[in-house]
Amino acid sequence: MSPKERTFKILEGEKVDRPSVLSVTQTGTVELMEASNAYWPDANFNAELMAKLAIAGHTIANLEGIRIPFCLTVLAESMGCIIDKGRIDRQPSIAKTLYDQGKTPNVENLLDSYRIHVVLDAIHKIKEMNFNVPLIVGFEGPTTLAGHLLDVERLCLMMIRKPEEVKSYIEKAEEACVIYAKELIKEGADIIVVADPTASPSVLSPKMFEKFSKEPLKSIAKLTKRSVLHICGNATPILNHMAECGFSGLSIEEKVDLKTAKSILKDKKVAIIGNVPSAGVLLNGTEEEVYNVAKQAIASGVDILAPSCGIAPHTPIRNIKAMVRAAIS
Ligand SMILES: [Zn+2]
């Protein structure tokens, strides 16, 4: 069984010999940039560099997946936000929202965006090389994208004071996510990952998640049988809702206790992905610590062993390899 087949089976709810080990969140690190000669910020805006750096996560750090891109700004910039390009160890971020430019969201020419073309071209380049691991493509979820268009604080205030107006933003964000996800799938993404950090209970109450975030997520999940939802922080209070969105995998952070998650999700057909602490153990731990924490996650029943959130840029390759060893040995 190839790593790709194993991961597909896991996401389709079938039994396999062991967990896969990969990252559904960003994989760009400074050591991998040096090894592949593909550096941020350029690798976020150039298809060839994006492909090279992502491939290094598999060929050099041994992850059983290739994951693009490395940030959550592709749709935001495509819809008109102004981006700060970041630097070698900092991801691109929003410099000016759409709202602050006095513009309203529109998805008519979304697929003409150069940022989207960088990702699509990177998909083609990676697919041409016929790896036996899945190509994983992530993007910002509807609530996070609406937060980029409006600013997160404004989004939260509007949810309380102007729910109809905020809904129109979330609807446009949902439309953009659906158009983009369809294109990613058509062009060869094996797994799509919706990262929706702004929908986390640390930002939105579970009630607000149900009211504003859940339905838009459902419309993305139903586009493919291999989809993952990543929500940061302690997502325990919304795990049930997350499972009801219809994704084949849920990616959770270390703040979610795996055994609790397993018991909440025991009747749901959904793979649990996580949750080796990205900021704690993977970044700062020793190889032995990483290996032990990863072994514990496997013992607690994780279906796909993965970093809990985006891999921090200064994470040593040896620690990513130690996580991989825990799954394959
Ligand atoms: Zn996260």
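Nothing in this text is a laboratory measurement; each read-out follows from the coordinates by a stated rule. Note that the structure is a prediction, hence the values are computed from the model and not measured. As a convention, Cβ positions derive from the backbone with ideal geometry for all residues, glycine included, and neighbour counts pool all protein chains shown.
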Q) Given Lys103/Lys222; Lys85/Lys127; Lys4/Lys255; Lys225/Lys266, which pairs have Cα atoms separated by over 22 Å? A) Lys103/Lys222; Lys85/Lys127; Lys4/Lys255
Q: Using the Karplus curve 6.51 cos²θ - 1.76 cosθ + 1.60 with θ = phi - 60°, work out ³J(HN,Hα) for each residue of the range 194-206 in order, rounded to whole Hz, and write x for Gly and Pro.
A: 9, 9, 10, x, 6, 8, 5, x, 6, 10, 10, 5, x
Q. Could you state the number of Å between the C-alpha centres of the range 260-280 and the range 1-48?
A. 19
Q | Inter-site label distance for Lys268 and Ile328 at 7 Å from Cα along Cβ, in nm | A | 3.1
Q. So what are the ³J(HN,Hα) numbers for the range 282-296, from phi and the Karplus equation (6.51, -1.76, 1.60; θ = phi - 60°), rounded to whole Hz, Gly and Pro as x?
A. 5, 6, 10, x, 7, 4, 5, 4, 4, 4, 5, 5, 5, 4, 4
Q | Highest-MSF residue in the chain out of Asp42, Asp267, Asp257 [GNM, Cα springs under 10 Å] | A | Asp267
Q | Lys, Arg +1 and Asp, Glu -1 on Cβ, resulting dipole of the chain about Cα centre, debye, nearest 20 | A | 660
Q: State, to one decimal in nm, how far the label point of Lys182 lies from the label point of Glu128, with both points 7 Å from Cα in the Cβ direction.
A: 2.8
(Q) Using a 7 Å offset from the Cα along the Cα-to-Cβ direction at both Asp42 and Ile298, what is the distance between the two label points in nm, to one decimal? (A) 3.9
Q. Using the C-alpha atoms of the range 1-150, what convex hull volume per residue, in cubic angstrom, is computed?
A. 114
Q: Over the residues of the range 3-328, compute the C-alpha Rg and express it relative to 2.2 N^0.38 Å.
A: 0.92
Q: From the P(r) of the range 136-204, can you give the percent of Cα pairs sitting at distances over 16 Å?
A: 47
Q | Flagged links, alpha-carbon separation over 27 Å, of Lys214/Lys268; Lys214/Lys321; Lys182/Lys295 | A | Lys214/Lys321; Lys182/Lys295
Q | log₁₀ of I(q)/I(0) at q = 0.18, 0.19 Å⁻¹ - the range 1-40, Debye sum with one point per alpha carbon | A | -0.62, -0.65
Q. Okay, helix-only estimate at 222 nm for the chain: each DSSP H run of n ≥ 4 adds -39500 (n - 2.57), divide by all residues, round to 500 deg cm²/dmol; what do you get?
A. -12500 deg cm²/dmol
